[in-house]
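Asks: Please read through the structure below; I'll follow up with questions.
The values are calculated or read from the model by the stated rules, or taken from the named source; none is laboratory data. The structure presented is a predicted model; accordingly, all values stated were derived computationally and were not measured. Counting neighbours? That spans all protein chains shown, and the Cβs are built from the backbone with ideal geometry, glycine included.
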Amino acid sequence: MNLHRLTLLFIKDNQVDAAEDTSCRAINLSLDGPTLSQLYEYHHNLGHISHHRGDMEAAIDHHKTSLEISRSPNSQVNQAGILACLVGLLLEAEKFDDAQVHLEHLKLQAVNDPGHLGIAMVAQAVIWYRQKKLEEARSELSRTIGFYAKIGISPDYVGSLKEFLQEIEEEINRRAVSDS
């Protein structure tokens with residue numbers, strides 16, 4: 001087992017201090033200095049640790065650093081995963097404009113990746129919903145539900161999206177009643 005996986009296990013087990021210590025040791029154990037891949041993992045892990053501790057700004061900063069490292073010419077890191085994490089953090093922090101910028105990059109990265117494409121579609125619906133662009137959110141979420149049904153995503157997850165769609169439709173109906 002490598003130290004990156006051990007760090008993730010510590011995070012999952014709510015042992016945040018051990019996760020941070022393990023992540024730092026992984027970098028310090030590199031005899032010739034950390035590789036781009038190790039730096040990427042280090043910042044990605046610290047982003048998860050910071051998020052777990054409730055420090056959204058640090059979490060966002062570490063994930064942005066991971067993203068920059070993944071964009072290096074010699075990097076072989078799949079950017080879709082880090083973009084999905086970053087978009088999720090930015091949505092949680094209610095930084096919708098920043099989330100939208102990174103979401104556009106995620107959409108480009110996820111063209112041939114149904115899992116990440118679905119994440120991008122849900123994130124777009126959430127952004128529009130939070131921005132009160134309810135018709136756009138309803139349309140995107142309807143497309144997402146159809147997409148997920150087509151590729152065989154868990155019926156439970158599709159069910160939760162249908163509940164979200166119902167919430168959007170109820171909000172649209174409330175608006176229509178108050179406008180009349």
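Asks: Condition first: modelled with pLDDT of 90 or more and among the polar types (S, T, N, Q). Now tell me which residues in region 150-180 satisfy that.
Replies: Those that are modelled with pLDDT of 90 or more and among the polar types (S, T, N, Q): S160, Q166, N173.
Asks: I'd like to know if region 49-56 contains one or more residues that are outside any helix (DSSP H, G or I), among the charged types (D, E, K, R) and either touching a His at 6+ places or on another chain (Cβ under 9 Å) or closer than 26 Å to D13 by Cβ (or both). Reasoning before the result, please.
Replies: Taking region 49-56 first, the residues outside any helix (DSSP H, G or I) are 54-55.
Applying the additional criterion that residues be among the charged types (D, E, K, R) yields 55.
Of the ones still in play, those that are also either touching a His at 6+ places or on another chain (Cβ under 9 Å) or closer than 26 Å to D13 by Cβ (or both) are 55.
Yes; the residues of region 49-56 include at least one that is outside any helix (DSSP H, G or I), among the charged types (D, E, K, R) and either touching a His at 6+ places or on another chain (Cβ under 9 Å) or closer than 26 Å to D13 by Cβ (or both).
Asks: List pairs: first residue in region 65-90 and under 15 Å from E104 (Cβ atoms), second residue of a type in the set (D, E) anywhere in the structure, Cβ distance under 6 angstrom, at least six positions apart or on different chains.
Replies: A80/D113; L90/D98
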